[in-house]
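The values are calculated or read from the model by the stated rules, or taken from the named source; none is laboratory data. Note that this is a predicted model, so its numbers are computed, not measured. Here the Cβ positions follow ideal geometry from the backbone for every residue, glycine too, while neighbour counts run over all protein chains shown.
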Amino acid sequence: MTGQTWNSESYQRDTGFVSAYGEDVLSWLAPQPGERILDIGCGDGVLTKKLVDLGAETVGIDASASFIESAKETGIDARLMDAQRLTFEDEFDAVFTNAAMHWMLDKPAVIAGVGRALKPNGRFAGEFGGFGNVAALVSTMRAVGDLMGGDPELAQPGEYPTVRAFSKMLEEGGFVVEDITTFYRPTPLPHAVRSWLKVMRGPFFEQFGDREEEAYDHVEKALAPCLRDDQGQWFADYVRLRFRARLA
């Protein structure tokens, strides 16, 4: 995982759209009543609860204690676990993930763990950031990092693969890719870009100490011409990679 940390309350307040958009991904999973499903990177459990409501026996895992606490409060079987070190063996009909795998730097390890966790012919479906995701946001932050003498690498703690690269990972992990695509999805930010930056890239700005607000100002000013429309609405330049695969 990356060094990014999460607070469930601020995440839901400023980026709750992540779960809302993720509901559409469930159609690629096609969950059935009575199936046992693992949700990796379950966050605060909003989509995990959807799976439960559809009749699935669901386990959610996440590396954030704050998220797990919030998920448990809704009655979900949520467990603190690194998706790169899954410990399940041959017990799930399907595995689901949304907006999480770009934070997992050892994706082959995740895929291998999913393969072990699935029953024969089990399904793996989900969505996360694909190649080009938040390119304007990241490029601007890197430029500001260079300008202010910070570490520009903190601008992109995640990893956004191409369709070809991720397909190869799945195939090498023993899966047959049934469908995979990327698409551009400019996403309205409910509380402007600074709130997104604080939740998603806090460590980048914190490195500047008493110049933290100056760094936010530089990034916000540079991004306005391309990510804020004529009504003042801010957008994140998201590119999503969506996939479904089955154990060979």
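Enumerate the pairs (first residue in the range 181-210 and under 20 Å from residue 235 (Cβ atoms) and in contact (Cβ under 8 Å) with a residue 40 or more places away in the chain; second residue anywhere and β-branched (Val, Ile, Thr) and surrounded by fewer than 19 Cβ atoms within 10 Å (Cβ to Cβ)) with beta-carbon separation below 7 Å, excluding pairs fewer than 6 apart on the same chain, so at least 6 apart or on different chains.
182/163; 182/239; 184/239
Could we say that residue 215 is over 25 Å from residue 43 (Cβ atoms) and hydrophobic (A, V, I, L, M, F, W, C) here?
So residue 215 fits the description; yes.
Looking at the range 65-138, what strands (runs of 3 or more DSSP E) fall wholly within it and have at least 3 residues that are of a type in the set (Gly, Ala, Ser) and over 30 Å from residue 225 (Cβ atoms)?
118-129
I need the full set of residues from the range 23-71 which are within 13 Å of the chain's Cα centre (by Cα) and charged (D, E, K, R), in order please.
39, 44, 62
Among the residues of the range 71-101, how many are under 19 Å from residue 160 (Cα atoms) and of a type in the set (Gly, Ala, Ser)?
Qualifying residue count for the region: 3.
Which one is nearest to residue 110 (Cα to Cα) among residues in the range 38-50 that are aliphatic (A, V, I, L, M) and at pLDDT below 95?
47
Hey, could you check the range 166-215 for residues that are surrounded by 14 or more Cβ atoms within 10 Å (Cβ to Cβ) and at positive phi and say which is modelled with the highest pLDDT?
It comes out as 174.
Could you tell me whether residue 2 is on the phi < 0 side of the Ramachandran plot, surrounded by fewer than 17 Cβ atoms within 10 Å (Cβ to Cβ) and at pLDDT below 55?
Values: on the phi < 0 side of the Ramachandran plot: yes; surrounded by fewer than 17 Cβ atoms within 10 Å (Cβ to Cβ): yes; at pLDDT below 55: yes.
When the stated conditions are applied, residue 2 passes them.
Which condition does residue 143 not pass, out of (1) buried (at least 16 other Cβ atoms within 10 Å of the Cβ); (2) over 25 Å from residue 245 (Cα atoms); (3) out of contact with any Asp or Glu (no Cβ under 6 Å at 6 or more places or on another chain); (4) not acidic (Asp, Glu), if it passes all the others?
Of everything listed in (1) buried (at least 16 other Cβ atoms within 10 Å of the Cβ); (2) over 25 Å from residue 245 (Cα atoms); (3) out of contact with any Asp or Glu (no Cβ under 6 Å at 6 or more places or on another chain); (4) not acidic (Asp, Glu), residue 143 misses just condition (1).
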